[in-house]
Structure formats: structure tokens, C-alpha cells
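Input: a single structure, listed below in C-alpha cells.
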Amino acid sequence: MKQQSLSIAPIAIKEIDNISMGILPNGETFLSLQGLARFCGMAPSSIIQLAQDWEKGEAQGRQRGRQLEELIKE
């Protein structure tokens, strides 16, 4: 399955305790890739690589990708 792109501009972005987050027009909240990395205690490059692999469809075949996919489904 090919991942679709979304063109959504956040209505608010704020950094709290060095964790970047924001709010989308529909009220959903989000963490930036760097904010997510800091929150998880990981290097930003790990999260960025996972996002790039996910977009290419390569991460879903790996254990971390399958776990993430299950969390998303929940």
C-alpha cells in the first residue's frame, strides 16, 4: 500500500521543554520528528530514517515498523 501525502499546515507550533509540538486545523495535536525523538530519548536521525523508510514502504517489513503499524491501528 502506498502512503499518501497530506498538505496540512499547522495552526500553532510551540516548544515545551525542548519538545516541538503543534495543533493541526482539525484540532489534532502532533509532535515534530525532532520533538518525537527527544520525547522517546532517541537520536533525531533514527526517527528521520524510520520516517524515510516508512515512506518508501521498507519499514513495514521490519519488527519496529510492524510494531508501529500495530500501534497506529489501535
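The values are calculated or read from the model by the stated rules, or taken from the named source; none is laboratory data. The shown structure was predicted, so the numbers you read here are calculated from the model rather than taken from an experiment. Cβ coordinates were reconstructed from backbone atoms using ideal geometry, including for glycine residues, and neighbour counts include every protein chain displayed.
List of remarks:
- Top-ranked residue of the range 12-24 - restricted to ones that are aliphatic (A, V, I, L, M) and either in the same structural domain as K56 (by TED's automatic domain parsing) or touching a helix residue (DSSP H, G or I) at 6+ places or on another chain (Cβ under 8 Å) (or both), ranked as modelled with the highest pLDDT: M21
- The residues on offer are Q34, Q49, and the sole one that is surrounded by 11 or more Cβ atoms within 10 Å (Cβ to Cβ) and touching a Pro at 6+ places or on another chain (Cβ under 9 Å) is Q34.
Matching residues to (1) in contact (Cβ under 8 Å) with a residue 40 or more places away in the chain; (2) part of a loop (DSSP other than H, G, I, E, B):
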{"site": "I8", "(1), (2)": "no, yes"}
{"site": "K14", "(1), (2)": "no, no"}
{"site": "G22", "(1), (2)": "no, no"}
{"site": "G27", "(1), (2)": "no, yes"}
{"site": "F39", "(1), (2)": "no, no"}
{"site": "M42", "(1), (2)": "no, yes"}
{"site": "S45", "(1), (2)": "no, no"}
{"site": "L50", "(1), (2)": "no, no"}
{"site": "E55", "(1), (2)": "yes, no"}
